[in-house]
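The values are calculated or read from the model by the stated rules, or taken from the named source; none is laboratory data. Predicted model, so just to flag it, every value in this text is computed and none were measured. Cβ coordinates were reconstructed from backbone atoms using ideal geometry, including for glycine residues, and neighbour counts include every protein chain displayed.
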Amino acid sequence: MKRIALAFALATAFSAQAAEYTQVQPEKSSVAFVYKQMGVAVDGKFKKFNSQLSFDPAKPTAAKATFNVELASVDTGAPEGDEEVAGKPWFNTKAFPTATFVSGSVKPLGGNRYEVAGKLSIKGKTQDVVVPATFTEQGKTGIFDGSFTIRRADFSIGEGSWAKFDIVANDVLIKFRITAASK
């Protein structure tokens, strides 16, 4: 009888600790990027995005995530840069207002590290990507940090005279921090 009571107590304690993170907090989250222009690293970010998330650290392979980034919310650090990047040769935000990532699978790597495989769509083009991420619990808040590199040519970002990589490099590092509260 004592073993049954102990097993029940342990099961209850573990289920009480399990938390599912579903409430993304945009004000505490960020989506940024780094690219090289004429060999110099340039930072930027997106000011508006929304997401749907379901992550339980006890069941990471069941996790689901969708992120929609409003491309017109780009912040390059200069208003004229923001206007240029929103234009047709770059993001063409009038025709393609959002970039979307939809997760397909999550693979735990140990030590709070994960690989999230999914599909990234920008300017009507979709590519498979694998996103390495870490997860840290802080009370009822979970923080997901990660980065991955895309090639802008894969998404036709920089068309016409910008299709070459002599001024703006092909590789773009995407960095994110997503903060979510548990239910």
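Among the conditions (1) in contact with a Phe, Trp or Tyr (Cβ under 8 Å, 6 or more places away or on another chain); (2) assigned to a strand (DSSP E or B); (3) in contact (Cβ under 8 Å) with a residue 40 or more places away in the chain, the only one that PRO89 does not satisfy is (2). The set of residues in the stretch 47-66 that are aliphatic (A, V, I, L, M), surrounded by fewer than 16 Cβ atoms within 10 Å (Cβ to Cβ) and under 17 Å from THR136 (Cα atoms) contains only ALA58.
The test for being at pLDDT below 95, closer than 21 Å to VAL168 by Cβ and in a loop (DSSP other than H, G, I, E, B) does not hold for GLY81. Note on the stretch 128-171: residues that are assigned to a strand (DSSP E or B) and over 19 Å from VAL102 (Cα atoms) total 9. Residue by residue through the stretch 1-31, note down the ones that are modelled with pLDDT of 50 or more and either farther than 24 Å from THR98 by Cα or touching a Leu at 6+ places or on another chain (Cβ under 9 Å) (or both). Hits for the stretch 1-31 are GLN17, ALA18, ALA19, GLU20, TYR21, THR22, GLN23, VAL24.
Please pick out the residue among ALA95, ALA133 that is at pLDDT 95 or above and either under 24 Å from VAL40 (Cα atoms) or exposed (fewer than 14 other Cβ atoms within 10 Å of the Cβ) (or both). The match here is ALA95.
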